[in-house]
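Trainee: First, the structure itself, so that you have it in front of you.
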Amino acid sequence: MQQRLGLPVELLTPRNVEERWPYLSPDRLMGATWCPTDGFLIPDMIYTEGFRRAKELGVQVQQQTEVIGALLGADRIRALVTNKGTIEADWFVNTTNIWAARLSPRIGGMRLPVSPLKRYLYFLKPAQPVMDATAWQQLPMIIYGVGSHRGAHSRPEHDLLLLAWAHETEPETHFSDADQDRIDPPFRHDNGIDNYGYAILEQVEQFSPLLANSGGFIATTCGFYGTTPDANPLIGCDAHQQNLIHAVGFSGHGLMHAPITALLVEAILSGGIDHGHVRLPAPFEHATIGLDTFDPGRAFERSRREMVVL
């Protein structure tokens, strides 16, 4: 499908992998995929530039402003009530992600099945260079096996190696702001070797002993994924308030999906929807995307669940 859409994705044999990336052992591989146009996002840089450009275009950015309610009438939101006064508008877009399930009912909207799941990132610092700087910066994102109890992955982060792996956990529905940075003992990298970080390294070592043993952890960070029952986002109009649009539940990939999300939200706002579909921009102008897939009120038991969410 990716190739059909124009992405230069390659299917590689174990020998191909070893020839391109000799630090990856081919012994446990059946094959791999590789897309040379893939890249990495730097969230703080993108958000900072986004805020700068928004202000340049006349957007009023209000920080430290809590929405505590709404003024409603005729199935529409007339104004948001905040701790700094009311905000009137013709349309309201909810992009609060892990706070979405709390916010929507507070402003008269539908209940949203967005659950906050804690996820951790680990940062490994090589004790000494294991390859030249150019090769290090060109390290791809590597997923160390796909399947049950697999999914550990890594990518370069400046001179560090960033590692992660999704784990089974219960949603923290009643989280506080401080809980976003709370690192539980089993996940602390400085809590001996019997912790989640070293479990990730065990998986890495099976495919790349060089990377797994190149240094030690220097930091653990964490936050919440806003997840939905089928691991696909909610993008569309609210079931109760006609001028409320939701764009939430991206399972940690909100920034990655921001361009297509903005396109869909713009289409809803401007009436650019044709029989429930939105036409994609060039070079995909021959294709459309159906909003039903992301309908906030969809029947999740009948939707197709995303099987691998990193």
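No lab work stands behind these numbers, since they all come straight from the coordinates. Values in this document were obtained by computation on a predicted structure and should not be read as measured data. Neighbour counts run over all protein chains shown; Cβ positions are idealised from the backbone, glycine included.
Trainee: If you stretched the chain out fully between residue 33 and residue 274, how much longer would it get, using 0.36 nm times the residue separation minus the C-alpha to C-alpha distance? Please report the intermediate quantities before stating the final value.
Mentor: Values: separation 241, 0.36 × 241 = 86.76 nm, distance 3.51 nm.
Contour length minus Cα-Cα distance gives 83.3 nm.
Trainee: Just one of (1) 18.6; (2) 28.7; (3) 21.7 is mean projected area of the Cα convex hull in nm² calculated from these coordinates, so which is it?
Mentor: Answer by label: (1).
Trainee: Taking θ = phi - 60°, what integer Hz values does the Karplus form 6.51 cos²θ - 1.76 cosθ + 1.60 yield along the stretch 165-173, in sequence order, with x for Gly and Pro?
Mentor: Values per residue, Gly and Pro as x: 6, 5, 9, 5, 7, 7, x, 9, 4 Hz.
Trainee: For the chain, what is the charge dipole size about the Cα centre, in debye to the nearest 20, if Lys and Arg each add +1 at the Cβ and Asp and Glu each add -1 at the Cβ? Let's see the in-between values first.
Mentor: Working: 25 positive and 35 negative charges, 90 e Å.
That gives a dipole near 440 debye.
Trainee: Can you give the translational diffusion coefficient of the stretch 249-310 in µm²/s, computed by Stokes-Einstein from the Kirkwood radius over Cα pairs at 25 °C and 0.890 mPa s?
Mentor: Using the Kirkwood radius from Cα pairs, D works out to 188 µm²/s.
Trainee: HN-Hα J couplings of the stretch 277-284 from phi, Karplus 6.51/-1.76/1.60, θ = phi - 60°, integer Hz, Gly and Pro as x?
Mentor: Result, ordered by residue: 10, 10, 6, 7, x, 4, x, 10 Hz.
Trainee: Efficiency by 1/(1 + (r/R0)^6): what FRET value for residue 286 and residue 148, r their Cβ-Cβ distance, R0 = 41 Å, to the nearest 0.05?
Mentor: That pair, residue 286 with residue 148, gives E of 0.65.
Trainee: Dipole of the chain (Lys/Arg Cβ +1, Asp/Glu Cβ -1, origin at the Cα centre): which of 144, 65, 220 lies farthest to the positive side?
Mentor: Highest projection toward the positive end goes to 65.
Trainee: Along Cα→Cβ, 7 Å out, is where each label goes; now give me the distance between the ones at residue 205 and residue 15 in nm to one decimal.
Mentor: According to this spin-label approximation, the distance is 3.1 nm.
Trainee: Around residue 24, under 14 Å between beta carbons, what's the net of Lys plus Arg minus Asp minus Glu among the other residues?
Mentor: Values: positive: 15, 20, 28, 155; negative: 18, 19, 27, 205.
Here the count lands on 0.
Trainee: Please work out the Kirkwood hydrodynamic radius for the stretch 115-227, using every pair of different C-alpha atoms, and report it in angstroms with one decimal place. Don't skip to the end; give the middle numbers.
Mentor: Numbers: mean 1/r = 0.0674 Å⁻¹.
About 14.8 Å, per the Kirkwood formula over Cα pairs.
Trainee: Next up: Give me the percent of DSSP beta bridges within the chain that run antiparallel, rounded to the nearest 5.
Mentor: Around 90 percent antiparallel, to the nearest 5.
Trainee: Loop only by DSSP, 10 or fewer other Cβ within 10 Å of the Cβ. Give me the trypsin sites (Lys or Arg not before Pro) in the stretch 1-72 that pass, ordered by residue number. Write out the running numbers ahead of the final one.
Mentor: Numbers: sites: 4, 15, 20, 28, 52, 53, 55; in loops: 4, 28.
When the trypsin sites (Lys or Arg not before Pro) of the stretch 1-72 are filtered for loop state and at most 10 Cβ neighbours within 10 Å, 4 remain.
Trainee: Around residue 240, which amide H atoms from residues at least 5 apart in sequence, or from another chain, sit under 5 Å from its own amide H, with H modelled in the peptide plane?
Mentor: 110
Trainee: Among 292, 159, 177, which one moves the most in a GNM of the chain with springs linking Cα atoms closer than 10 Å?
Mentor: Looking only at 292, 159, 177, the biggest GNM fluctuation is shown by 177.
Trainee: Oh, and also: How many times 2.2 N^0.38 Å is the alpha carbon radius of gyration of the stretch 164-225?
Mentor: Values: Rg = 13.4 Å, N = 62, 2.2 N^0.38 = 10.6 Å.
Rg over 2.2 N^0.38 Å, computed on Cα atoms: 1.27.
Trainee: Something else: Give the lysines whose C-alpha is closer than 25 Å to that of residue 84, dropping any in the same chain fewer than 8 places away, or say none.
Mentor: Output for residue 84: 55.
Trainee: In nm, give the distance between the simple-model label positions of residue 301 and residue 4, each being 7 Å from the Cα along the Cα-to-Cβ direction.
Mentor: 3.0 nm
Trainee: For the stretch 191-198, in order, what is each residue's ³J(HN,Hα) by Karplus, 6.51 cos²θ - 1.76 cosθ + 1.60 with θ = phi - 60°, in whole Hz (x at glycine and Pro)?
Mentor: With the stated coefficients, the stretch 191-198 comes to 10, x, 9, 8, 8, 5, x, 6 Hz.
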